[in-house]
Every structure is written in structure tokens, then in C-alpha cells.
Amino acid sequence: MRGDVLGRLGRHARCDREQLGDLRAAVVGSVDAAAGAACDVRIVWVMALDAVGGAERSAEPARAGRRRQRWLLVAVVLAAVVIVDQATKEVALRLFVEPWPILPGVGLALSFNTGAAFSMWTSLTPLITAFAGVVVIAIAWFAGRAASAGWALVLGLVGGGAAGNLIDRLVRPPGPGRGAVVDFVDVAWFAAFNLADAALTVGVAVAFVLSWRGQPVLITSGGAAR
């Protein structure tokens, strides 16, 4: 009887040791599996970061190319507006001393404007000159960050219009910073203006349309549009 009891106790002890060993092996296996999974996750994360970094590096030349294209477009439009504006003003100084009627109330007639576009604020010439200079500098600074060709066109038109009239204020009588802008398109029921004023007006109109359509203006340094 006693021998049977001891035998059963021995068998139970062996079973407990075996179960404990199996449990220990299962725990160790689970820990190893978890560690392996964590390692796999870290590897995937590092690979993802490398992929993102590689994509950013590969995208940087493309962004730089687009910035150069935008800057070039702004520069070309701005220069074209200034050249045409100054050329037509020189023609007006020579040919339009006497009015040239075109339509009833519309003609080509030489006049001089010390104010802003369309003969506004004629008593603020130095302030308008300084403001125009700031506008031209700001456009040159942001030209490469235009978010689209449309906004590059806007910057070129506005910058060209501001620069064209700024040249007049700097070099024409009565003196630097106080010079009178040459106008030669005379609309009796509206105002006298020049091609620089027209470029400014078209640029503002295009900007309004682009804003109404929700197109972002500039590209941030990180590449996001805003």
C-alpha cells in the first residue's frame, strides 16, 4: 500500500516537472517570438524611413527644377512688361503730344501722373515710390516659390507693372522718387493709364480667379503648398 502511494507520488512529481519544463519552453518560445516580431517591426520601420528619405532626396532635384522654372517665368514676364511699358512711353512722349482720338471718349493723349495707378493719390508720390520698391523686391524674393505657373504669371504681371511705373518715379522729372509717371491711354469716363497699369490690373484679376478656385499661392521650404 505504502509502495503504491509513493509510486503515484513519484509519477505526479515527474509529471509536474515535465509540465513545468513544457511551460518554461512555451514561455521562452513566446518571448523569443515576441523579440523576433519586435526586431522585424524595427527593421520594417527603418526600411520605411529609408524609403521616405530616399523619396525626399529624389524629389529635391525636381522641386529645385520647378523653382527655377517658376523664377524664370516670373522674370521673363516682368522683364517683358517693363520693356514694352517703357518703349510705349517713349513713343507716347514723341507722338501723342496732340491727342489721337480712337473712339468716342477714348483716345491716346499724353499726360503725367504723380500718384498711383489710374491717377490716384497724387499727393503721396514718395510713399508710393517706396511701396512700389518694396513690392518689386518682395516679388523677386518669392518668385521661385510660386505654387503654379498661374501664380508665377501673376507675380510677373504685378512686378512688371510696379517696376515700370517705379522707373518713371525714379528717373523722370521733377526728380528721383518724385517723378511723374507717363500715361497715354485716356478714357474720358474712367482715367488715364499706361501699359504698366494695365499689367497690374490683369495680374490682380488673374490672382482673384486663382484664389476663387482655391489654388495655393506659394510653396513652403518643405515643399507644401499654401
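Quick note: the coordinates plus some simple rules give every number you see, no bench work behind them. Please read these numbers as outputs of a predicted model, since none were measured by experiment. No Cβ is skipped: glycine too gets one built from the backbone with ideal geometry, and neighbour counts run over all protein chains shown.
Worth a mention:
- Burial order of peptide ranges 177-187, 88-98, 192-202 (average beta-carbon count within 10 Å, highest first): 192-202, 177-187, 88-98
- The phi torsions of segment 104-111, fed into the Karplus equation with coefficients 6.51, -1.76 and 1.60 and a -60° offset, translate into couplings of x, x, 10, x, 9, 9, 6, 8 Hz, rounded to whole numbers, with Gly and Pro shown as x.
- When each of the peptides 101-110, 167-176 is scored by how many other beta carbons lie within 10 Å of its residues on average, the order from highest to lowest is 167-176, 101-110.
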